[in-house]
Amino acid sequence: MENFPSVLESIEDLSKRQIDGVLGLAHRIKNRSDTPFYFSNKTPIIATSFLENSTRTKHSFEIAISKLGCTYIDFNSEKSSLKKGESLEQTLLTLNDQGVDLCIIRTSVSNQLSEFKEKPPIKIINGGDGVNEHPTQALLDVFTLIECGIELKGKTFCIAGDNIHSRVGHSLIKLLPQFGAKILLFGPKSFLPDQLPKEVEVTYDREEVLKRSDILYLLRVQTERHTHNEENNLLDYSEKYGFTLEMIESLSRKIPVLHPGPANIGVEICNQLINSKYYLGHEQVRNSIYLRMALIQAMLQNGAKNIGFNENTFFKF
Ligand code: CP
């Protein structure tokens, strides 16, 4: 695989060749036709630094790290010197000096990782930054569809719900066209971004979503990111924008329903739909381990070399 970026912040940081390489490797790891690589010189050390809550992303990275045979550091920001005012950059440089090879970071600050791209203090994978992007979730979603034999080329992929606050939605908009999918966004007007690539369509009509979608991707209403005014959107949300099993069963064709989780059951998705055969959420979680194993392996093996404050950057006494 060609050189991977030192900081994977956005889907745009990967070429299509690299994306295909990671998906292929994830498939081979899943099917045990490619065993995770053997670390001949040094067992890599990988840290996760989750500055915002997570169940799926954090634990799936932890399991992927353990399955790859790497040493794992669970960086606890609450107990760290970040609390004494140390910057995130100095923290990451310290981890690099301690021999940590890669850090997976989740932060509530959008674009916080951009500042590390020019002079990376350590290799970084974005585990979700504010409302900006969640590239590994988007990659595992596409991986799940491919693994389930669901074609993306020429298909209408509807992303329904709180699009404006959804970091995975933003990553999917960049990723799906590379696989030939057409994107349709649905939700209340105030949940849809003002500026969108011209090929992305928008609808406020749930009937149109049901008529046109080949794949339905539901998003959680992210109340923690809402202003007071936006709370009004929730009053009749499920009635106007939620999806039920009945709606999916009424279609003549059968469509898969995905959700990155966590779901607000009874808001964007009903209990019967989340427990139905159309729902691929459990497959998404299962596949996340293989996709993240492949991505870690690719970053470690093919990542750029010039990281941190190395011996060439200080004065020779
Ligand atoms: N999909 C996702 O990012 O879930 P968590 O917030 O539980 O990691």
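The table below lists the values:
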| item | result |
| --- | --- |
| Residue list for region 44-83, filter: in contact (Cβ under 8 Å) with a residue 60 or more places away in the chain and away from the ligand (no atom under 16 Å from the Cβ) | P44, I46, K67, L68, C70 |
| Single condition T144 does not satisfy, out of (1) under 17 Å from V200 (Cβ atoms); (2) more than 12 Å from the chain's Cα centre (by Cα); (3) within 14 Å of the ligand (Cβ to nearest atom) | (1) |
| Output for region 106-129, where each listed residue is charged (D, E, K, R) and out of contact with any strand residue (DSSP E or B) (no Cβ under 7 Å at 6 or more places or on another chain) | E115, E118, K119 |
| Matching strands (runs of 3 or more DSSP E) fully within region 1-116 where at least 1 residues are in contact with a helix residue (DSSP H, G or I) (Cβ under 8 Å, 6 or more places away or on another chain) and surrounded by fewer than 20 Cβ atoms within 10 Å (Cβ to Cβ) | 45-50, 71-75 |
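Read-outs: derived from the displayed coordinates by stated rules, not from any lab. From a predicted model like this one, the values you see are computed outputs, not experimental measurements. Cβ sites come from the backbone with ideal geometry, for glycine too, and all protein chains shown count toward neighbours.
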